[in-house]
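The structure under discussion appears below in the form of structure tokens.
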Amino acid sequence: MEPLQYFLPQIWFFILGLFLFLYVLLDGFDLGVGILSLTSSSEKRRSILMTSLGNVWDANETWIVLMGGSLFGAFPLAYGTILNALYLPAVIMVVGLLFRAVSFEFREHSRRKLFWNYAFGLGSFLAALGQGFALGAVFEGIKVDELGHFAGGPFDWLTWRSILVSLTLIQAYVLVGSTYLILKTTGNLQEVHYKTAKIAAITTFIGAVFITISTPLLSDHIRQRLFDPRLIYIFILIPILAVVLLGLLLRSLQLKKENTPMVWTVLLFMLSFIGLGLLIFPDIIPPSVTIYQAAAAPSSLVFMLTFVGFLIPILLAYTVYNYIVFRGKITAESYGE
């Protein structure tokens, strides 16, 4: 295999992983806050939650758009096959995102906010649910023919394990949403989210443990990957680090820290992504199509890399600037009540 045909797909696999990580982390707390809004005890509290997202949530969704376009350009075979296999989860996610976007804007100008409140929360839940089903399909594997085209049924993604993965992802979003609200709120509302963060951390961990144990038992491909002599020590280290980070997270919540819960949560997400990336690499359509088989021509990958190489620093700088400008607490006075 030529050097460019070998290294370029690896570079794009990493770039797509970066885009997906940034989306899951940044839009994840948006979705978590939306789900938490369903449990708000008053309109005043719900308004604070919505205000905390007002200036950042649009930018957070940029990363999934960028990831979709990059997947289409870098791995066109994977783009077509994955979307064909996960058409219904994708529809669930898109409908959820549309509900959320429309309700967020309409709620601001509506006198009767109840319908839009629940539409926003339900949209957030549906978007997280669809993403969880898609992630579950990765663990299950996608059936393809000899050409790499989807050869399964429309409901192959719907299994008890994909449901478990989806519920675990929802809890993970509630966790990161809670730690974000700890940063943005004060008083009784902040105390509530210390509690929701603890509950979500424990339930996410329980779900992750069950997924970690059941997946290699039911998947020969993943079991072989886990016990690969080149990676086995990394796969042993990752769960140990996860337990340590969980302990630090729970301790910081118990001590009522404001900043460190978000830090430990981000590190937990990062560790999970590293583990998932190592688990499926070099596959782009698990378990049978690799990044080398699905990659576009080297000339296309180089051209896209030149463009994206300029775009990534700009988007990262804008994202960081956005969060710096709109840092600080959200109170009743912040939205005029």
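Once the Cβ-Cβ distance of residue 108 and residue 199 is raised to the sixth power relative to R0 = 35 Å, the FRET efficiency obtained is 0.70.
Centroid-to-centroid, using Cα positions, segment 1-62 and segment 204-277 are 19 Å apart.
Cα centroids of segment 183-199 and segment 80-151: 27 Å apart. By the helix-only formula, in which each DSSP H run with n ≥ 4 contributes -39500 (n - 2.57) and the sum is divided by residues, the chain has a 222 nm mean residue ellipticity of -26500 deg cm²/dmol. When the residues 288, 103 are ordered by accessible surface, computed with a 1.4 Å probe over the protein chains alone, the sequence from largest down reads 288, 103.
Legend: helices of the chain (whole DSSP H runs) are marked when their alpha-carbon atoms reach 27 angstrom or more along the helix axis and their mean Kyte-Doolittle hydropathy is at least 1.6; marked are 232-254, 260-280, 298-325.
Here segment 1-336 has 71 percent of its accessible surface on carbon and sulfur atoms, given a 1.4 Å probe and all protein chains in place. Each Lys and Arg Cβ is given +1 and each Asp and Glu Cβ -1; about its Cα centre, the chain then shows a dipole of about 1160 debye.
Surface exposure of segment 1-97, expressed per residue as accessible area with a 1.4 Å probe, stands at 40 Å². Comparing 281, 110, 28 along the charge dipole axis of the chain, the residue lying farthest to the positive side is 110, per the Cβ-charge model. Just checking the listed ones, 275, 141, 153: in the Gaussian network model of the chain with Cα springs under 10 Å, the one fluctuating most is 153.
The values are calculated or read from the model by the stated rules, or taken from the named source; none is laboratory data. Note that the structure is a prediction, hence the values are computed from the model and not measured. Glycine gets a Cβ as well: all are built from the backbone with ideal geometry, and neighbour counts include every protein chain shown. Ligands, DNA and RNA are stripped out before the accessible areas are found, and what is left, the full protein with its side chains, is counted by its heavy atoms. Shrake-Rupley method; radii C 1.70, N 1.55, O 1.52, S 1.80 Å.
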